[in-house]
1. Given the residues 387, 391, which is the only one that is more than 17 Å from residue 483 (Cβ to Cβ), touching a strand residue (DSSP E or B) at 6+ places or on another chain (Cβ under 6 Å) and crowded, with 21+ Cβ neighbours inside 10 Å?
2. Mind checking which residues of the range 449-477 are in a helix (DSSP H, G or I), touching a residue at least 40 places away in the same chain (Cβ under 8 Å) and surrounded by fewer than 24 Cβ atoms within 10 Å (Cβ to Cβ)?
3. Would you tally the residues in the range 383-398 being under 20 Å from residue 424 (Cβ atoms) and either without any contact (Cβ under 8 Å) to a residue 12 or more places away in the chain or assigned to a loop (DSSP other than H, G, I, E, B) (or both)?
4. What tally of residues in the range 401-419 results from selecting those that are within 15 Å of residue 382 (Cα to Cα) and surrounded by fewer than 19 Cβ atoms within 10 Å (Cβ to Cβ)?
5. Restricting attention to the range 536-576, which residues are touching a strand residue (DSSP E or B) at 6+ places or on another chain (Cβ under 8 Å) and closer than 30 Å to residue 99 by Cα?
6. Can you tell me how many residues in the range 431-447 are in a loop (DSSP other than H, G, I, E, B) and crowded, with 22+ Cβ neighbours inside 10 Å?
7. Restricted to the range 255-314, and to residues that are assigned to a loop (DSSP other than H, G, I, E, B) and free of Cβ contacts under 8 Å to residues at least 12 places away in the same chain, which residue is surrounded by the fewest Cβ atoms within 10 Å (Cβ to Cβ)?
8. Can you pull out every residue in the range 326-344 that is under 24 Å from residue 396 (Cα atoms) and buried (at least 16 other Cβ atoms within 10 Å of the Cβ)?
């Protein structure tokens, strides 16, 4: 008979100490602190459950959670904290069980909910991650619980294969999957109206469904779960898209869209109307596009959500753009510029007057750069005003004006009136036409610092674009201070980061001189970093984004080229001779520093830029 092993705090400490991950001194410290840490975690769990309106908070705290809360370092190395994931991985290796990275986007939520009830899953920290008619794969945090295994077999009536995952990961995904899925399923049961959103003409006749959804708690819960999940996943955009037979929810995370969930087609109108009600939009209007805002709380800070609706062939699509102040209102030092670039940018915005342009495609971080610059220069004795379409995030640090073309308030008109408001610094959300460009230049000529954005590929093309619009080259040359072109590159996840080397072909693709290295007798290689994929980064190997910048200082040589209407290639050539880093070169430098990946450099920059 095998001796039954129980998962206790002492068992876990023995396991980690034998593996060389916990020193005898750390072990003694852990034993002294375990009750205090367990009580603290339990109190936090109970308090969170009460705030969420739950009455059945689990009174058990996993020993891995307790150990992880003590913030020990393996061999006192800052790079290797003893996290819950590391502890559970060590446990999996010791007892010979498969460790899994839980990705909610890869779990069949409907199958998981149908197989195990939420109370059972919550109580036993068990989550179904796969299976078929004869077997089921269940992620648990305590695979040594023999009683749990027997309960799972009787509950599912199938063969049970256990895998192990961190307890907090399991609980978090149980909340996401069971909360959202159960709300959607309950709403689907209650909405009995025969709604055919596959037909555009009949789609506008859904008033009866809206009357139900206005007071439907299941829909309210489903939308709230959707918001919280988007916040947790650091999503910048949420797409709720109607298709012929169902509705698909996708989220943009670190610039890439990921499918998240599927809604029954009868629930889609209810979810859309709930979002429209929160954004104070007209829920009876389904044919015309509408724009609105939602302000909500995320922890101790406010988050703004911009809502856009538009009728499509199969129904009304909603896109939510999430503006987190911690992301947009950054310090300039956190943008990702190199030292020389940062010093030049600081010089640009410290000028008493002049024109500073920030350029890049949609979603390249221009707004974050501009807001960071404004926050760096705003003081009580300076009048800072912005003109935006729409206002990205409301802040009381400076005056913000939103253009309203329906009543004649365009960028040019707003800028013309703003000059009568005694401004010191003006931010123009976008220069779209020659009228706006000329007024901005006149403002810079008359003693104002003007910051504006333009949609071009690089800094040199920004100057030629303004000349093509019809701006006078002499006026442009005398006012423009500098141009900043930028892109956002995803950064390597710190949890699963490894070191690797670029191949000669990869180096050649980036324009690096491999032949010169080979002629010198050196192997053409470059050490870089890559992400293997983990829970934190959702198996992508990337976590967060950083800016890659091209900072063009307009000196006398560049001014002469502007006056002579030189091409963008000539301006770029002169700027590079003056020491400017191109976007591709800045991204390669981030690659060499181990901040981003080869694939990201190729994806966001073009050869020669």
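The values are calculated or read from the model by the stated rules, or taken from the named source; none is laboratory data. Note that this is a predicted model, so its numbers are computed, not measured. No Cβ is skipped: glycine too gets one built from the backbone with ideal geometry, and neighbour counts run over all protein chains shown.
1. Numbers: 391 fails: crowded, with 21+ Cβ neighbours inside 10 Å.
Answer to the selection: 387.
2. The answer is 461, 464, 467, 473, 474, 476, 477.
3. Filtering the range 383-398 for residues under 20 Å from residue 424 (Cβ atoms) gives 383-388, 391, 395-398.
Checking the rest, the ones that are also either without any contact (Cβ under 8 Å) to a residue 12 or more places away in the chain or assigned to a loop (DSSP other than H, G, I, E, B) (or both) come to 383, 391, 395-398.
So the count comes out to 6.
4. At the first step, the residues of the range 401-419 found to be within 15 Å of residue 382 (Cα to Cα) are 418-419.
Adding the requirement that they be surrounded by fewer than 19 Cβ atoms within 10 Å (Cβ to Cβ) leaves 419.
Total satisfying the criteria: 1.
5. 536, 537, 538, 540, 541, 542, 543, 544, 545
6. Pass one, the range 431-447, residues in a loop (DSSP other than H, G, I, E, B): 431-433, 446-447.
When the remaining residues are screened for being crowded, with 22+ Cβ neighbours inside 10 Å, the result is 431.
Total satisfying the criteria: 1.
7. Looking only at the range 255-314, we keep the residues that are assigned to a loop (DSSP other than H, G, I, E, B), and these are 255, 265-267, 279-289, 299-300, 313-314.
Next cut, free of Cβ contacts under 8 Å to residues at least 12 places away in the same chain only: 282, 285, 299-300.
On the way: 282: 12, 285: 14, 299: 8, 300: 5.
Top of the filtered list is 300.
8. Going through the range 326-344, the residues under 24 Å from residue 396 (Cα atoms) turn out to be 326-335.
Passing the criteria: 327, 328, 329, 330, 332, 335.
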